[in-house]
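A.B. asks: Pasting a structure below so you can have a look.
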Amino acid sequence: MDTLLFALNAILPIILLILLGYLLKKKHFLDQDWFKKGNKLIFRVCLPCLLFTNVYNIESFTHINWSVVIYSEIAIFAAFFIGLVMVKLTVPDNRQKGVILQCVFRSNFAIIGLPLAESLGGAEGKGIAAVLSAFSIPTFNILAVIALTMFLDNEDGHKADLKDVLLKIAKNPLIIGVVCGLIVLGIRSFIPVNAAGSLVFSLSGSLKFFYDAVSNLAKISSPLALVILGGLFDFSAVKGMLKEILIGTAARVVVVPLIALGLAVLLSKYTGLISFDAAVYPALIALFGSPVAVSSAIMAQEMDNDGILAGQLVVWTSIISIFTVFLAVLTLRTMELL
């Protein structure tokens, strides 16, 4: 029961904020134009600030468990290629292929993954998840640009070439946020410390006014993104894309976590090829078991894919993940891995 309550407490705030946005639209408190402009604000300003602060606040890369990082990156790429084969075989609409593909490999790690890992694994679990975020979030976003570009025709009526894809990756606000965070984090690593052990220069100290402004934008990004998603959500669209919703939801919250977590347990506990302790599994559950990223719907809308389907996948993967996260936690606790 405690595990189920934990899963409910992790996911229900997301559902309630989405519902709030939906009700604000239905009651005409906010109109469709407001939600569309808010969509752009989140994608181009607030979420980049969130990713920047997440990366900048990583304490150190000196004690990284590289086996966890490497395993996670391999698993993300494997999920991408599994999803690629799946959408080519099952999804006829090119505007929906990229949406479902990113749903397969891209989790909501930035918004609920980190607090989920902390709730399951404490400070140590949060630390591992924070390090993973510096690698997985850029990977998620680069692969998302590829997924949302590769099936669409460009302005000349041809499929996007490598130059088009690289240009969209370079211009992606979420990737820019992560890269800026990594640059500042790298600079911070070479800054000397004073006698008290504090940095001589840091954003949160010497440039506190700038850091606070960016942090405030980061704090509003998650709740505002969920409210906007609710405002753009349309229940009537479910019937027309039920097959696609089922495919994307099942892949995101059942198939991928089953494979990624199952292989982690197999390779660590039963073969000894890698060594994962109890602090690692909370981060892996958060990375592979959480629903598809809220920003995936915003990004799909901005890149002329099927934004309605992307929004449906965020909602339904969030709902179903309440039960799949519960099962994952229960299973790993039964195996004494949590």
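A.B. asks: Through the Karplus equation 6.51 cos²θ - 1.76 cosθ + 1.60, θ set to phi - 60°, convert the phi angles of segment 17-26 into ³J(HN,Hα) values in whole Hz; use x for Gly and Pro.
C.D. replies: Couplings: 5, 4, 4, 4, x, 4, 5, 4, 6, 5 Hz.
A.B. asks: If you take the alpha carbon radius of gyration of segment 70-187 and divide it by 2.2 N^0.38 Å, what ratio comes out, to two decimals?
C.D. replies: Its radius of gyration relative to the 2.2 N^0.38 Å reference: 1.18.
A.B. asks: Using a 1.4 angstrom probe, figure out how much accessible area segment 245-301 has per residue, in square angstrom, rounded to the nearest whole.
C.D. replies: Normalised by residue count, the accessible surface of segment 245-301 is 32 Å².
A.B. asks: What number comes out for accessible area per residue over segment 24-105 if the probe is 1.4 Å? Units Å², please.
C.D. replies: Value returned for segment 24-105: 52 Å² of accessible area per residue.
A.B. asks: How would you rank 215-221, 294-300, highest first, on the average number of other Cβ atoms within 10 Å across their residues?
C.D. replies: Highest-to-lowest ranking by the protection proxy: 294-300, 215-221.
A.B. asks: Sort segment 20-62 into rounded, prolate or oblate with this rule: let a ≥ b ≥ c be the square roots of the eigenvalues of the Cα gyration tensor; rounded if a/c is under 1.5, and if a/c is not under 1.5, prolate when a/b is larger than b/c, oblate otherwise.
C.D. replies: prolate
A.B. asks: FRET efficiency for Asn216 and Leu5, Cβ-Cβ distance as r, R0 = 25 Å, nearest 0.05?
C.D. replies: Result of the calculation: an efficiency of 0.20.
A.B. asks: By a straight-distance test (C-alpha under 25 Å), which lysines pair with Lys219 as possible cross-link partners, with residues fewer than eight away in the same chain excluded?
C.D. replies: Cα-Cα hits under 25 Å: Lys25, Lys36, Lys37, Lys40, Lys126, Lys171, Lys208.
A.B. asks: Which order do Glu302, Glu124 take when ranked by solvent-accessible area (1.4 Å probe, heavy atoms of all protein chains), largest first?
C.D. replies: The residues order as Glu124, Glu302, largest area first.
A.B. asks: For the chain, just say rounded, prolate or oblate: build the C-alpha gyration tensor, square-root its eigenvalues into a ≥ b ≥ c, call rounded for a/c under 1.5, and beyond that prolate if a/b exceeds b/c, oblate if not.
C.D. replies: Here the chain falls in the rounded category.
A.B. asks: Also: Give the carbon-plus-sulfur fraction of the accessible surface of the chain in %, rounded to a whole number; probe 1.4 Å, heavy atoms of protein chains only.
C.D. replies: Carbon and sulfur atoms account for 68 percent of the accessible area of the chain.
A.B. asks: How big is D, in µm² s⁻¹, for segment 201-338 by Stokes-Einstein at 20 °C and 1.002 mPa s if Rh is the Kirkwood radius over C-alpha pairs?
C.D. replies: Result for D is 123 µm²/s.
A.B. asks: Which cross-chain or sequence-distant (5 or more) residues have an amide H under 5 Å from the amide H of Ser107, H modelled 1.01 Å from N in plane?
C.D. replies: Ala293
A.B. asks: Let me ask something else. Please list 275-286, 30-41, 80-91 highest first by mean number of surrounding beta-carbon atoms within 10 Å per residue.
C.D. replies: 275-286, 80-91, 30-41
A.B. asks: To continue, here is another question. Reported to two decimal places, what Rg/Rh ratio describes segment 242-301 when computed on Cα atoms with Rh from the Kirkwood expression?
C.D. replies: 1.10
The values are calculated or read from the model by the stated rules, or taken from the named source; none is laboratory data. Computed from a predicted model, the values in this text were never measured in an experiment. Every residue, glycine among them, receives a Cβ derived from its backbone with ideal geometry; neighbour counts consider all protein chains shown. Side chains included, ligands, DNA and RNA excluded: accessible areas come from the protein's heavy atoms. Shrake-Rupley method; radii C 1.70, N 1.55, O 1.52, S 1.80 Å.
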